[in-house]
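The values are calculated or read from the model by the stated rules, or taken from the named source; none is laboratory data. Predicted, not measured: the structure shown is a model, and the values here were computed from it. Cβ placement follows ideal geometry from the backbone for every residue including glycine, while neighbour counts extend to all protein chains displayed. Areas reflect the complete protein model, heavy atoms only, side chains present, ligands, DNA and RNA absent. Shrake-Rupley method; radii C 1.70, N 1.55, O 1.52, S 1.80 Å.
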Amino acid sequence: YFPQRACQCNELCLQHSNCCYDFGHKCHRQAAAPTAQAAPAAPPPPAPPAGAGATTPPPPPRRVRYAAKADSVLHVDLYRAMASSAVDTHPLEDDDMADLGGAIKYLHTEILTEHLGDPLRTTRKYSIDVLTRHRLKIKNTQKLVESKAQQAMGEFGPFVTYDWGQATNPAQMPLFQEYGDFVGVQMGCSNLHCDVRWPSEMPYSWFSVGNWCPNLPWDKKGVKGSPNAACVRGPGGGVVQGGLCPGGFDASSFIPAVEPSGNPGCVYSYGKANVVWLDALVGITGQDCNGQTCKNWLHFRHNCTDPKLKRKFLPSGQIVGTDYCVEFDIHPACDNCETPDCQALLRSGQEAYLGLP
């Protein structure tokens with residue numbers, strides 16, 4: 001353990017959620033590799049002559065084997081950028097979430113950039129106006145956690161991409177048939193080059209929850225008491241139920257009361273959301289709107305009085321004035337932060353970002 005490092009590469013990093021980005025494909029593989037039979041220890045070197053300045057040889061390297069704990073319940077905070085009107089209105093299943101770094105990355109790369117949006121829009125993309133945090137209790141099945149094929153994931157399963165409640169990668173169907181319910185994690189990428197639009201000094205992760213009839217979208221699944229006959233079936237032959245424990249949503253508490261058993265149909269529970277409004281987070285509600293503080297994104301867009309905020313980039317990179325206020329924009333040359341053009345722009349001191357600080 002190195003306290004000065006932001007991430008760790010030892011047998012306990014998954015337990016403490018501070019693994020380095022390459023733990024899954026490098027550190028963990030080294031840690032989990034079968035140990036060869038130790039060779040006979042070499043005899044100690046002869047003691048140096050008296051007065052020769054004896055030195056102590058370094059200790060031999062310590063082999064590390066990380067063993068995921070099938071009997072442990074993980075407490076993990078997961079985040080979503082979403083519309084406030086949809087918070088906690090539907091069960092949290094067959095969906096993707098992220099840690100805080102992943103959620104902020106999503107906002108910057110997919111939601112806020114002005115020159116990629118419709119100038120006549122009246123909301124942010126997808127009507128996103130809040131960032132939510134949910135506390136999950138997670139205990140994946142013993143079969144999954146102890147599987148050699150999934151050992152790099154620790155206490156998690158593989159990440160599943162969902163769209164409208166449907167797993168989008170058909171190649172993952174055998175995973176549901178073999179393991180059924182699980183909460184998955186997307187492992188980090190090498191050198192933190194996960195997205196060229198978002199250089200990061202810290203790893204960030206995405207998570208998938210659910211797996212209730214994952215091969216069909218929400219409107220085709222049926223209900224759990226009477227599922228669609230086409231729903232994928234799990235290891236016991238029954239329809240994959242998704243892993244959200246019965247009564248697993250605690251609408252009265254951030255920390256859920258239900259403890260997941262780790263059995264099929266009960267691998268996670270979650271509590272009610274903590275909500276942060278993006279307007280307050282980015283500073284919109286601190287801006288002046290014709291003599292009053294701005295109330296929300298649309299009020300700010302039409303009424304803010306700071307002329308520096310009425311600018312955006314054209315696709316050419318030219319800065320032009322607008323008749324509305326801009327929350328955030330980035331120079332098109334830096335849509336890929338690793339290109340020579342972006343690096344030259346940043347070195348030149350020219351404006352690469354517009355909008356709120």
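Among residues that are charged (D, E, K, R) and either under 20 Å from residue 150 (Cβ atoms) or in a helix (DSSP H, G or I) (or both), residue 195 is not included. Of all positions in segment 121-136, none carries a residue that is modelled with pLDDT under 95 and assigned to a loop (DSSP other than H, G, I, E, B).
With respect to the numbered conditions (1) in contact with a Pro (Cβ under 9 Å, 6 or more places away or on another chain); (2) farther than 29 Å from residue 333 by Cα; (3) of a type outside the set (A, V, I, L, M, F, W, C), which one is the sole condition not fulfilled by residue 193? Tallying (1) in contact with a Pro (Cβ under 9 Å, 6 or more places away or on another chain); (2) farther than 29 Å from residue 333 by Cα; (3) of a type outside the set (A, V, I, L, M, F, W, C), residue 193 fails exactly one: (2).
Looking across segment 206-230, the residues that are surrounded by fewer than 21 Cβ atoms within 10 Å (Cβ to Cβ) and in a loop (DSSP other than H, G, I, E, B) come down to 215, 216, 217, 224, 225, 228, 229, 230. Considering segment 294-335, the residues that are part of a loop (DSSP other than H, G, I, E, B) and polar (S, T, N, Q) include one that is least open to solvent (accessible area, probe 1.4 Å), namely 322.
Please go through segment 247-260 and give me each residue that is touching a residue at least 60 places away in the same chain (Cβ under 8 Å) and open to solvent by 40 Å² or more (accessible area, probe 1.4 Å), ordered by number.
Step one: filter segment 247-260 for residues touching a residue at least 60 places away in the same chain (Cβ under 8 Å), giving 249, 251, 254-256, 258-260.
Selection gives 249, 251, 255, 258, 259.
Take the residues in segment 336-349 that are of a type in the set (D, E, K, R) and in a helix (DSSP H, G or I); name whichever of them is least open to solvent (accessible area, probe 1.4 Å). Give the steps one after another, and end with the answer.
Step one: of segment 336-349, the residues of a type in the set (D, E, K, R) are 338, 341, 347.
After this cut, where a residue has to be in a helix (DSSP H, G or I) as well, the list is 341, 347.
Working: 341: 113, 347: 180 Å².
Here the residue is 341.
Residues in segment 181-202 that are at pLDDT 85 or above and hydrophobic (A, V, I, L, M, F, W, C): 182, 183, 185.
Each row is one residue, and each column tells you yes or no for (1) hydroxyl-bearing (Ser, Thr, Tyr); (2) open to solvent by 60 Å² or more (accessible area, probe 1.4 Å); (3) in contact (Cβ under 8 Å) with a residue 40 or more places away in the chain.
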| residue | (1), (2), (3) |
| --- | --- |
| 245 | no, no, no |
| 262 | no, no, yes |
| 278 | no, no, yes |
| 292 | no, yes, no |
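Residue 200 meets the conditions (1) within 25 Å of residue 104 (Cα to Cα); (2) in a loop (DSSP other than H, G, I, E, B); (3) open to solvent by 40 Å² or more (accessible area, probe 1.4 Å) in every case but one. The failed one is (3).
Of these, 144, 116, 112, which one is under 30 Å from residue 339 (Cβ atoms) and in contact (Cβ under 8 Å) with a residue 24 or more places away in the chain? Testing whether each residue is under 30 Å from residue 339 (Cβ atoms) and in contact (Cβ under 8 Å) with a residue 24 or more places away in the chain leaves just 112. Looking at 206, 164, 198, just one residue is touching a Ser or Thr at 6+ places or on another chain (Cβ under 6 Å) and more than 21 Å from residue 263 (Cα to Cα), and that residue is 198.
Yes/no matrix, rows are residues, columns are (1) buried (at least 19 other Cβ atoms within 10 Å of the Cβ); (2) farther than 21 Å from residue 235 by Cα:
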| position | (1), (2) |
| --- | --- |
| 133 | no, yes |
| 140 | yes, no |
| 151 | no, no |
| 156 | yes, no |
